[in-house]
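S.K.: Got a structure here, written out as structure tokens. Questions coming.
The values are calculated or read from the model by the stated rules, or taken from the named source; none is laboratory data. Just so it is clear, the structure is predicted and the values come from calculations on it, not from any experiment. Here Cβ is always computed from backbone atoms with ideal geometry, including for glycine, and neighbour counts include all displayed protein chains. Protein only, heavy atoms only, side chains kept; ligands, DNA and RNA dropped before computing areas. Shrake-Rupley method; radii C 1.70, N 1.55, O 1.52, S 1.80 Å.
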Amino acid sequence: MADDIKAVPTEVIPVDPRQPEAAVIERAAALLRAGELVVFPTETVYGLGGDALREEAARRIFAAKGRPLTDPLIVHIAQIEELERVAAAVPERARRLAEAFWPGPLTLILPRGEHVPRLVTAGLETVAVRMPSHPVAQALIRAAGTPIAAPSANRFKHVSPTTAQHALADLNGRVPLILDGGPTTVGVESTVVDLCAAVPRILRPGGTSLEALRQVLPEVEPPQPPRASQPEHEEGEAQRAPGQLLVHYSPTVPLFLFEGEDQAQRTAIVADALQRLERGERVGILAASEDVETLRPCEERGALVRAPASLEEPEKVAAALFATLRELEAAAVDVILCRSFRPVGLGLAVQDRLRRAAGGRIIRVDPSATAAEEVR
Ligand code: TXA
Ligand code: MG
């Protein structure tokens with residue numbers, strides 16, 4: 001995509017994530033009111049925000065991210081009353097989810113309100129709305145006095161940022177201001193639920209689990225598995241399931257995802273890593289704390305092993321996932337070998353992001369097989 005962005009100096013300002021300083025928030029809000037962009041923390045990932053009711057701000061967001069105009073943005077609000085400003089209708093089911101999970105990591109797809117420019121929704125007659133719980137996001141939206149459109153603050157197709165430094169690495173010179181509120185807590189993006197379909201369905205698993213959603217709306221459908229190839233969509237036409245490109249959350253290094261029984265995964269990862277190390281490759285391994293002992297021989301031969309949490313703690317895995325991928329990337333490894341995590345709770349979002357990051361490089365290991373079989 002053409003890179004027609006004019007370079008601007010990017011300022012990074014620290015902000016207290018619990019009690020954001022009024023002067024800092026006011027400075028950021030003034031930029032937003034002027035149609036400019038601000039990167040800010042949410043509880044999920046950092047967002048690249050602009051006034052959701054101004055087309056020029058949305059245009060700037062797409063340009064700064066290098067994102068195609070066919071991928072719609074999420075509109076962030078600070079209070080439930082603002083829902084009517086951006087959505088044309090709020091079905092009862094939507095209201096129940098909002099009351100149960102807002103503020104928090106849940107995005108609702110609703111009929112688009114007339115004041116939301118079509119550029120924001122990529123031409124769709126629906127709009128994605130979310131009310132973040134992060135005090136900085138809350139304060140900023142209130143001070144700006146307008147809903148804020150914000151995709152994740154990464155360059156298109158890169159891993160989402162969970163720290164201000166990640167956002168700076170991707171957007172330096174492309175935004176005037178980044179608010180640094182420290183690492184985000186949830187670590188994966190919000191769950192997107194379509195409430196415009198006959199049956200509510202998860203379009204993107206995220207920080208609100210399917211299990212939790214079903215306690216409020218038992219009929220919520222799980223996400224459909226991503227398609228291996230996405231047909232080119234026509235000029236100007238939004239994707240039917242936007243954001244569902246298989247290759248979406250990609251580290252810049254090839255990632256191989258191992259799936260199968262735990263011990264079989266470990267054995268396959270060790271075998272693959274040792275071969276690669278033998279050939280002189282730099283190997284990064286994303287594992288669970290239960291794997292560390294088995295991976296010791298790889299570590300001793302120079303592999304970078306990162307095990308951010310236990311298999312029993314999907315929330316911790318989610319919180320550390322993107323930062324770990326970026327860390328391995330920054331360490332200039334040639335390849336990342338990754339174990340899989342069970343799709344329970346936030347594990348469903350972790351599985352989704354890892355499968356996308358692998359982009360088809362999924363190795364299904366069969367406990368009875370002697371060699372790992374690569375499935376395309
Ligand atoms: O946690 C989050 O949701 C973060 C923070 C910053 O709030 N934002 C985020 O935005 O992840 P983004 O733009 O990276 O992802 C938005 C997702 C995409 O999958 C997009 O296609 C989908 O929401 N989406 C937006 N509008 C939609 C619509 N009208 N219909 C269906 N999907 C939509
Ligand atoms: Mg994103």
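S.K.: Note down the relative contact order for the chain as a percent, whole number, built from C-alpha pairs under 8 angstrom at least six residues apart.
M.R.: Normalised by residue count, the contact order of the chain is 18 percent.
S.K.: For region 255-375, what's the relative contact order in percent, using C-alpha pairs closer than 8 Å and at least 6 residues apart?
M.R.: Relative contact order here is 37 percent.
S.K.: Only Cα pairs within less than 10 Å get springs; with that Gaussian network setup on the chain, which residue of Ala153, Ala137, Ala309 has the largest fluctuation?
M.R.: Most flexible of the set in this elastic network: Ala309.
S.K.: Taking every pair of alpha-carbon atoms in region 255-375, what share in percent sits in each 5 Å bin, from 0 to the bin with the longest distance?
M.R.: 2, 12, 23, 27, 22, 11, 3, 0
S.K.: How far apart, in nanometres, would the label points at Arg33 and Glu221 be if each is projected 7 angstrom from Cα along the Cα-to-Cβ direction?
M.R.: The modelled label-to-label distance comes out at 4.5 nm.
S.K.: With springs only between Cα atoms under 10 Å, which of Leu108, Leu179, Leu295 fluctuates most in a Gaussian network model of the chain?
M.R.: For the chain, modelled as a Gaussian network with Cα springs under 10 Å, the answer is Leu295.
S.K.: Let me ask something additional. Simple spin-label model, 7 Å along Cα-to-Cβ: Asp334 to Asp366 in nm?
M.R.: 2.9 nm
S.K.: For the chain, what is the Kirkwood estimate of the hydrodynamic radius, computed as the reciprocal of the mean inverse distance between distinct Cα atoms, to one decimal in Å? Could the numbers behind the result be given before it?
M.R.: On the way: mean 1/r = 0.0472 Å⁻¹.
Over the chain, the inverse of the mean reciprocal pair distance is 21.2 Å.
S.K.: While we're on this one: Cys338: accessible area at probe 1.4 Å, nearest 10 Å²?
M.R.: 0 Å²
S.K.: Additional query: Extending each Cα 7 Å along its Cβ direction at Ala100 and Gln19, get the distance between those two points in nm, one decimal.
M.R.: Distance between label points: 3.5 nm.
S.K.: Using the beta-carbon distance between Thr252 and Lys316 and R0 = 41 Å, what value does 1/(1 + (r/R0)^6) give for FRET efficiency, to the nearest 0.05?
M.R.: Details: r = 25 Å, r/R0 = 0.60.
Rounded to the nearest 0.05, the efficiency is 0.95.
S.K.: Sticking with this structure for a sec: At 1.4 Å probe size, put Lys6, Lys65, Lys316 in order of accessible surface, largest to smallest.
M.R.: Working: Lys6 170, Lys65 5, Lys316 115 Å².
Largest accessible area first, the residues go Lys6, Lys316, Lys65.
S.K.: Kyte-Doolittle mean at least -1.0 and Cα extent at least 18 Å along the axis: which DSSP H helices of the chain qualify?
M.R.: TM-like helix candidates: 262-278, 314-330.
S.K.: So, in Å, what gap is there between the alpha-carbon centers of region 297-315 and region 1-53?
M.R.: So the two Cα centres are separated by 34 Å.
S.K.: Using a Cα-Cα cut-off of under 27 Å, which lysines could be cross-linked to Lys316, ignoring same-chain neighbours fewer than 8 residues away?
M.R.: Hits, sequence-local ones excluded: Lys157.
S.K.: A follow-up question, please. Please work out how much accessible surface Arg306 shows to a 1.4 Å probe, ignoring ligands, DNA and RNA, in Å² rounded to 10.
M.R.: For Arg306, the solvent-accessible surface is approximately 70 Å².
S.K.: Would you mind working out the accessible area per residue for the chain, using a 1.4 Å probe, and quoting it in Å²?
M.R.: Counting only protein heavy atoms, the per-residue value for the chain is 42 Å².
S.K.: Then there is this: For the chain, set up a Gaussian network in which alpha carbons nearer than 10 Å are linked by springs, and say which option among Pro103, Pro91, Pro161 fluctuates the most.
M.R.: Pro91
S.K.: On to the next question. How big is the Kirkwood radius of region 22-167, worked out from every pair of different alpha carbons and given in Å to one decimal?
M.R.: It is 14.9 Å.
S.K.: State, as an integer percentage, the relative contact order of region 55-193 based on alpha-carbon contacts under 8 Å between residues 6 or more apart. Mind showing how you got there, number by number?
M.R.: Numbers: 222 pairs, mean separation 42.2, N = 139.
Relative CO of region 55-193 lands at 30 percent.
S.K.: Something else now. Express in nm, to one decimal, how much length is gained between Leu69 and Gln263 on full extension, taking 0.36 nm for each residue of separation and deducting their alpha carbon distance.
M.R.: The Leu69-Gln263 span can extend by a further 65.4 nm.
S.K.: Let me ask something additional. On the protein heavy atoms, probe 1.4 angstrom, tell me the percent of accessible surface of the chain carried by carbon and sulfur.
M.R.: 52 percent
S.K.: Quick one: accessible surface of Ser190, probe radius 1.4 Å, all protein chains present, in square angstrom to the nearest 10.
M.R.: Accessible area of Ser190: about 0 Å².
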